[in-house]
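The values are calculated or read from the model by the stated rules, or taken from the named source; none is laboratory data. Every value quoted in this text rests on a predicted model; they were computed, and no experiment measured them. Backbone-built Cβ (ideal geometry, glycine too); neighbour counts: all protein chains shown. Ligands, DNA and RNA are stripped out before the accessible areas are found, and what is left, the full protein with its side chains, is counted by its heavy atoms. Shrake-Rupley method; radii C 1.70, N 1.55, O 1.52, S 1.80 Å.
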Amino acid sequence: SLSGYKDHRERFLSIAGDELTLEKIELAKADVLLEVQSTPSGASVIVNGQYSGQTPLNLELRSDRKQAIKIIKTGYAQYQHSLSLKPNQTKKIYAKLARNLGKVSIEVEPKSAMTLVNGQSIGQGDHDITLPTQPQIIRIKHEGYASFSKSITPKLGITQSIKVRLLTNQEARLAAMTPVTSTHLGQNLVLLQPFAFQMGASRREPGRRANETLRQVTMNRLFYLSTKEVTNQEFRQFAAGHDSGQYEEETLNEEDMPVARVSWQEAALFCNWLSEKNNLPPFYKIELGKVTGYSPNATGYRLPTEAEWAWAARTQGATGLP
């Protein structure tokens, strides 16, 4: 043993009359104890480039080399220290880690909207706030509007901007709807938002019937409408033996032709069948193969109303129609 070095211990067998020579003994310098603490705790400790654990931490280090210490925690400035220790020495390091902060500018509409950061309210209107550089949940809410939520990680020395216009509940529902949807048979339907229009025909319009009059109609409900008629091929997947017949010796039975000679009842039953294929609640109520009513809130397929058909047939432009 020698002060400043680790003791050497070795076991050997001696035999009477035999000469024994031990190998050269190199004493290793004694280890030193390093106690590492930080505020906040749970910071990673890196010694000479090697991860050694998290604070609070006790380390045994060699006394014959310089030690490079780094203490790291997300959202805080890095702590660095270099030291050389004498044998049998105990050293303590206490690191008070400084917060890394970034600025976030928040603009909201309407101005009476409430902003919350990680569930804590910071008030109404626009805000310029300073937050730690780690993920933050920003939520903006207002009665009668769909709330907005966003995860943001502030950056040191950079001001990030969030501009939010809250949508009314109706606007949010519209935004969430798919502009184009498809049926089980591959038919495309477009989303339409109708507006007030004049329905019927004037007396000067060719083909007007005697009981037709002009009247103002307003539709408040959005609806999907197929871009093409149901074909023979599509309808025959529901009714395999359907025959569309002919018109003036011209066949109406080609697969890609619109289905013909279909009653209103058959069309409604086809809609319910298609709804079931798409796992949608059926629109029409059926008893003994006959339509007895309908479910107004069902999202299954149905026939367009007279007003929907008239509006779609007369309207062009920014309505969703191709």
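Mind checking which pairs have a first residue in region 138-157 that is basic (Lys, Arg) and a second that is modelled with pLDDT under 90, Cβ under 8 Å, 6 or more apart or different chains?
Once the first residue is basic (Lys, Arg) and sits in region 138-157, its partners that are modelled with pLDDT under 90 give 155/133.
Identify, please: which residue in region 140-161 is surrounded by 13 or more Cβ atoms within 10 Å (Cβ to Cβ) and among the small types (Gly, Ala, Ser) and is, among those, farthest from residue 270 (Cα to Cα)?
Among them, the one singled out is 147.
Say we look at region 267-299 and pick out the residues that are in a loop (DSSP other than H, G, I, E, B) and among the aliphatic types (A, V, I, L, M); which of these is most open to solvent (accessible area, probe 1.4 Å)?
My answer is 288.
Can you name every residue in region 183-201 that is open to solvent by 60 Å² or more (accessible area, probe 1.4 Å) and at pLDDT below 90?
193, 195, 198, listed by residue number.
Do we have residue 194 as assigned to a loop (DSSP other than H, G, I, E, B) and touching a residue at least 60 places away in the same chain (Cβ under 8 Å) here?
Details: assigned to a loop (DSSP other than H, G, I, E, B): yes; touching a residue at least 60 places away in the same chain (Cβ under 8 Å): yes.
Against the criterion (assigned to a loop (DSSP other than H, G, I, E, B) and touching a residue at least 60 places away in the same chain (Cβ under 8 Å)), residue 194 qualifies.
Considering only region 98-106, I want to know if a residue exists there that is loosely packed, with under 14 Cβ neighbours inside 10 Å and in contact with a Lys or Arg (Cβ under 8 Å, 6 or more places away or on another chain).
No, every residue in region 98-106 fails to be loosely packed, with under 14 Cβ neighbours inside 10 Å and in contact with a Lys or Arg (Cβ under 8 Å, 6 or more places away or on another chain).
Which one of 301, 294 is among the hydroxyl-bearing types (Ser, Thr, Tyr) and without any contact (Cβ under 8 Å) to a residue 24 or more places away in the chain?
So the residue among 301, 294 that is among the hydroxyl-bearing types (Ser, Thr, Tyr) and without any contact (Cβ under 8 Å) to a residue 24 or more places away in the chain is 294.
Restricting to region 300-322, name every residue that is modelled with pLDDT of 90 or more, aliphatic (A, V, I, L, M) and in a loop (DSSP other than H, G, I, E, B).
303
Which condition number does residue 42 fail, the rest of (1) within 30 Å of residue 154 (Cα to Cα); (2) not polar (S, T, N, Q); (3) not in a loop (DSSP other than H, G, I, E, B) being met?
For residue 42, the failing item is (3).
Taking region 81-97, which residues are open to solvent by 60 Å² or more (accessible area, probe 1.4 Å) and not hydroxyl-bearing (Ser, Thr, Tyr)?
Those that are open to solvent by 60 Å² or more (accessible area, probe 1.4 Å) and not hydroxyl-bearing (Ser, Thr, Tyr): 81, 86, 88, 89, 91, 92, 96.
With the checklist (1) at pLDDT 90 or above; (2) hydroxyl-bearing (Ser, Thr, Tyr); (3) in contact with a His (Cβ under 8 Å, 6 or more places away or on another chain); (4) open to solvent by 100 Å² or more (accessible area, probe 1.4 Å) in hand, flag the one item residue 1 doesn't pass.
Residue 1 satisfies all of (1) at pLDDT 90 or above; (2) hydroxyl-bearing (Ser, Thr, Tyr); (3) in contact with a His (Cβ under 8 Å, 6 or more places away or on another chain); (4) open to solvent by 100 Å² or more (accessible area, probe 1.4 Å) except (1).
List the pairs whose first member sits in region 18-41 and is closer than 18 Å to residue 59 by Cα and open to solvent by less than 50 Å² (accessible area, probe 1.4 Å), whose second member is among the polar types (S, T, N, Q) and in a loop (DSSP other than H, G, I, E, B), and whose Cβ atoms are under 8 Å apart, counting only residues at least 6 apart or on separate chains?
Going by the 8 Å Cβ cut-off, the qualifying pairs are 30/63; 30/88; 31/63; 32/63; 32/88; 32/89; 36/55; 38/55.
Working carefully through the options 78, 134, 124, find the one that is surrounded by 14 or more Cβ atoms within 10 Å (Cβ to Cβ), closer than 30 Å to residue 166 by Cα, more than 25 Å from the chain's Cα centre (by Cα) and polar (S, T, N, Q).
Details: 78 fails: closer than 30 Å to residue 166 by Cα; 134 fails: more than 25 Å from the chain's Cα centre (by Cα).
Of the residues listed, the single one that is surrounded by 14 or more Cβ atoms within 10 Å (Cβ to Cβ), closer than 30 Å to residue 166 by Cα, more than 25 Å from the chain's Cα centre (by Cα) and polar (S, T, N, Q) is 124.
Any idea how many residues of region 107-124 are without any contact (Cβ under 8 Å) to a residue 24 or more places away in the chain, more than 13 Å from residue 149 (Cβ to Cβ) and either among the hydrophobic types (A, V, I, L, M, F, W, C) or part of a loop (DSSP other than H, G, I, E, B) (or both)?
Residues in region 107-124 being without any contact (Cβ under 8 Å) to a residue 24 or more places away in the chain, more than 13 Å from residue 149 (Cβ to Cβ) and either among the hydrophobic types (A, V, I, L, M, F, W, C) or part of a loop (DSSP other than H, G, I, E, B) (or both): 2 in total.
Restricting attention to region 104-125, does a residue exist that is of a type in the set (Ser, Thr, Tyr) and over 29 Å from residue 139 (Cα atoms)?
So far as region 104-125 goes, no, none of its residues is of a type in the set (Ser, Thr, Tyr) and over 29 Å from residue 139 (Cα atoms).
Please find, among 164, 230, 180, 217, the residue that is open to solvent by less than 70 Å² (accessible area, probe 1.4 Å), closer than 30 Å to residue 147 by Cβ and either modelled with pLDDT of 95 or more or not basic (Lys, Arg) (or both).
Of 164, 230, 180, 217, the one residue that is open to solvent by less than 70 Å² (accessible area, probe 1.4 Å), closer than 30 Å to residue 147 by Cβ and either modelled with pLDDT of 95 or more or not basic (Lys, Arg) (or both) is 164.
Does region 283-297 contain at least one residue that is in contact with a Cys (Cβ under 8 Å, 6 or more places away or on another chain), of a type outside the set (Val, Ile, Thr) and closer than 24 Å to residue 184 by Cα?
yes
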